[in-house]
Amino acid sequence: MNDKAHVILYSKPGCHLCEVMKAEMAKSGCDELYELEETNIESDPALLARYQYEVPVLLVDGREAFKHRLSSQAFRNYLRQLR
């Protein structure tokens, strides 16, 4: 059984906030709590229409958890609450 959270990061190339969000996730020190899937919204017309002006968006286990910004501490706390 996989106890890790499934995390999807909706992003797009050249998105500075997306890079900052990934860096904060890396700083969180809780890699053992999640598996990351990064999705480029430009590869899917439906995702592009939905998130064009909203990236980055972070889904955790299918729920929108963070949008635009997150801190490493907030991310770590969120994941620990789930587990």
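The values are calculated or read from the model by the stated rules, or taken from the named source; none is laboratory data. Bear in mind the structure is a predicted one, so any value in this text is a computation, not a measurement. Please note: Cβ atoms are built from the backbone with ideal geometry, for glycine as well, and neighbour counts cover all protein chains shown.
Look at residue 1 and say whether it is of a type outside the set (Asp, Glu), at pLDDT below 95 and over 18 Å from residue 81 (Cα atoms).
yes
Tell me the residue from 54, 42 that is assigned to a loop (DSSP other than H, G, I, E, B) and either among the charged types (D, E, K, R) or under 11 Å from the mean Cα position of the chain (by Cα) (or both), please.
Criteria check complete, one pass: 54.
Assigned to a loop (DSSP other than H, G, I, E, B), within 23 Å of residue 82 (Cβ to Cβ) and not β-branched (Val, Ile, Thr), is that true of residue 14?
Judged against the criteria, residue 14 is not a match.
One line per residue, one yes/no per condition, for (1) surrounded by 12 or more Cβ atoms within 10 Å (Cβ to Cβ); (2) touching a strand residue (DSSP E or B) at 6+ places or on another chain (Cβ under 6 Å); (3) not hydrophobic (A, V, I, L, M, F, W, C):
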position	(1), (2), (3)
7	yes, yes, no
13	no, no, yes
37	no, yes, yes
49	no, no, no
53	no, no, yes
56	yes, yes, yes
76	yes, no, yes
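Just name the residue that is nearest to the chain's Cα centre (by Cα) out of those in the stretch 58-67 that are crowded, with 17+ Cβ neighbours inside 10 Å and closer than 13 Å to residue 18 by Cβ.
58
List the number of the failed condition for residue 80; all other conditions in (1) assigned to a helix (DSSP H, G or I); (2) surrounded by 14 or more Cβ atoms within 10 Å (Cβ to Cβ) hold.
(2)
Which one of 27, 22, 4 is within 12 Å of the chain's Cα centre (by Cα) and basic (Lys, Arg)?
Going through 27, 22, 4 in turn, the sole match is 22.
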